Amino acid sequence: MKKPLLLAAVVLVGPTLVLAGKPKMGTVIAENSVACGSTVKGKKNKQTTVDVLCQEYVVRTTDTDYHIRQVKPADKALIPVNTPIEFTLDKDKMKFKANGKSYEYLIVSEAAVSADAAKP
């Protein structure tokens, strides 16, 4: 009884796991600086709060736009717009290489590409 159930689970779930780690192609189409927190600066008697900015990118594939943001605000590298990337998705993170460097970004949101945007 357990063997047929296990075999059915492998047949149904196996292809999904294989596709999850497969590299996908995309292009960085936009970059914005967005507030991603704040920090306190100054001496004890004169403290001020300063907004911390992070880069947020839009990566477009053939059918999906991914909005990704830096994991740590301290990462200062900028990725040029129109940079083609090959990436993998791992839960809520996107891992890719661009300009010879490896990056890991949080996926903030994703949306289907509209029919007008998909046309070249």
Positions within the range 79-105 being of a type outside the set (Ser, Thr, Tyr) and not in a strand (DSSP E or B), in sequence order: Ile79, Pro80, Val81, Asn82, Lys91, Asp92, Asn99, Gly100
Have a look at Glu86, Glu31 and point out the one that is among the charged types (D, E, K, R), surrounded by fewer than 16 Cβ atoms within 10 Å (Cβ to Cβ) and out of contact with any Phe, Trp or Tyr (no Cβ under 6 Å at 6 or more places or on another chain). Glu86
Please specify each residue of the range 65-120 satisfying the condition of being out of contact with any strand residue (DSSP E or B) (no Cβ under 9 Å at 6 or more places or on another chain) and acidic (Asp, Glu). Asp116
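For Val81, state whether it is loosely packed, with under 13 Cβ neighbours inside 10 Å, under 16 Å from Ala30 (Cα atoms), at pLDDT 90 or above and not aromatic (Phe, Trp, Tyr). Before the answer, list the steps.
Details: loosely packed, with under 13 Cβ neighbours inside 10 Å: yes; under 16 Å from Ala30 (Cα atoms): yes; at pLDDT 90 or above: yes; not aromatic (Phe, Trp, Tyr): yes.
Yes; evaluated as a whole, the condition is true for this residue.
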Any residue in the range 55-76 that is more than 14 Å from Ala111 (Cβ to Cβ) and polar (S, T, N, Q) sitting within a Cβ distance under 9 Å of a residue that is surrounded by 15 or more Cβ atoms within 10 Å (Cβ to Cβ) and at pLDDT below 90? List the pairs, counting only those 6 or more apart or interchain. Gln55/Gln70; Gln70/Cys36; Gln70/Cys54
So Val108 passes all but one of these: (1) assigned to a loop (DSSP other than H, G, I, E, B); (2) surrounded by 11 or more Cβ atoms within 10 Å (Cβ to Cβ). Which condition number does it fail? (1)
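The values are calculated or read from the model by the stated rules, or taken from the named source; none is laboratory data. Treat the numbers as computed from the prediction; the structure is a model and nothing was measured. All Cβ positions, glycine included, derive from the backbone under ideal geometry; neighbour counts span all protein chains shown.
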